[in-house]
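Notes follow the structure.
Here, each number is a calculation from the coordinates, and none is a lab measurement. The structure presented is a predicted model; accordingly, all values stated were derived computationally and were not measured. Cβ: placed from backbone, ideal geometry, glycine included. Neighbour counts: every protein chain shown.
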Amino acid sequence: MSKVVVEKKGYFGEFGGSFVPKELQHVLNVLDENFQKYKDDEGFKKELDYYFREYVGRQSPLYFAENLTKQLDGAKIYLKREDLNHTGSHKINNVLGQILLAKRMGANRVIAETGAGQHGVATATACAMFGMDCTIYMGLEDTKRQALNVFRMELLGAKVIAVDKGQGRLKDAVDEAFADLVENYETTFYLLGSAVGPHPFPSMVKHFQSVISRESREQILEKEGKLPTAVLACVGGGSNAIGAFADYIADENVRLIGIEPDKAATLNEGTPGELHGFKCLVLQDADGNPLPTYSIAAGLDYPGAGPEHSHLKTIGRAEYVTVTNEEVLEAFQVLSKVEGIIPALESAHAVAYALKLAPSLSPEESIIINISGRGDKDVEQVFQMLTK
């Protein structure tokens, strides 16, 4: 491959861009051209809306968590129920948008990376429906933590490749997926699952995930007659969070709060650097090499964050806080017992911070927690942690 070329578009402040080999940049340029062509095309939007409604089950409810609200004796707590989507998480929103784009571009082979497996399951699901060949890269360590999702992907017809390089986690799966794209760019569509990577991926993922905040903004205005005090979402790469924040960014009185694992606190402890072909805040050593990370939630185990999150952090528009594994496990159990809703471990990070935030606010205020996924995939893992 030729040397890396640097594109000047796709920036959020100082973050974003595209730092990839020339041949791959050509592929990304074609992808961007098609995305710009179709994202506002009436026929494309009509088809996407059809699948959102008839296949995914949108709108997802904005549920008033009355029991939890009473228990915490503070702000009203609303849950944006992305866990009720087909395949069990927010991931299907972006997957359907990109798969319809891939179809219009004539692709018949799709690759993807996955951490907790939810993006992999969503991609395998869409590929099954549209009859496309599907290969999913997943870190070896994550295949062990999320064995059920591996089986689900295979059941849906996908080939799952366990990546044993590095830590065997999400970063390593992304590395291998990009290596595949570099080698097979002429025939392959890379359906990237998070708001990371070189342009246009962060903007594309945000566009398709913004349906979350578009709905929740309308729903909270209908229920409360005013905007929420805060919107909370977990952050790894940042797709569910940027989707939950998107339509509130211009509303400066609405606090946007991203919650990270304390041992993968990219936005709290990272410094500007390049990762996977784009610039963002990265947990890195003095030589610019990504540092090892750890989270009990496989989907948050990533040393970087999306460029727009990096920008929102830098300019102070969004707040990013951390919670411990112990707080996450407690929140996982609290929401299950109090509301009868078992959240994904990723989503439980947002719940954990809400348990601290809500009591500090008045009953006239409200907060929205994005429940990005359901916890079926994590029950066995949590059982092992709580009973060992």
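Using only alpha carbon pairs under 8 Å that are at least six residues apart, calculate the relative contact order of the stretch 194-350 and give it in whole percent. For the stretch 194-350, the relative contact order is 24 percent.
Legend: ranking of residues 372, 18 from fewest to most surrounding C-beta atoms inside 10 Å; resulting order 18, 372.
Qualifying chymotrypsin sites (Phe, Trp or Tyr not before Pro) in the stretch 282-388, where qualification requires a DSSP coil assignment and no more than 15 other C-beta atoms within 10 Å, comprise 294.
Looking at the square roots a ≥ b ≥ c of the eigenvalues of the Cα gyration tensor of the stretch 63-127, which shape do they give, rounded for a/c under 1.5, prolate if a/b is larger than b/c, or oblate? Prolate, since a/c reaches 1.5 and a/b exceeds b/c.
Checking every one of the trypsin sites (Lys or Arg not before Pro) in the stretch 90-163 against DSSP loop status and a limit of 12 other Cβ atoms within 10 Å picks out no site at all. Exposure proxy for 31, 227: other Cβ atoms within 10 Å of each Cβ, ordered fewest to most, give 227, 31.
In a DSSP loop and with at most 13 other Cβ atoms within 10 Å, the trypsin sites (Lys or Arg not before Pro) in the stretch 167-266 are 226. Which of rounded, prolate, oblate describes the chain, given a ≥ b ≥ c as roots of the alpha-carbon gyration tensor eigenvalues and a/c under 1.5 marking rounded, otherwise prolate only if a/b is larger than b/c? Cα axes put the chain in the rounded bin.
Separation of the alpha carbons by more than 32 angstrom is noted, of 46/279; 76/388; 39/159, for 46/279; 76/388. Annotation: amide H-H contacts under 5 Å for residue 160 (H modelled 1.01 Å from N, sequence separation of 5 or more, or interchain): 136. Given axes a ≥ b ≥ c from the Cα gyration tensor, I'd like to know whether the stretch 284-381 is rounded (a/c under 1.5), prolate (a/b larger than b/c) or oblate. Oblate.
Could you work out how far helix 118-130 tilts from the main Cα principal axis of the chain, as a 0 to 90 degree angle to the nearest 10? Its long axis makes an angle of about 60 degrees. In this structure, the pairs whose alpha-carbon distance is over 26 Å, taken from 22/103; 8/165; 165/377; 171/377; 8/103, are 8/165; 8/103.
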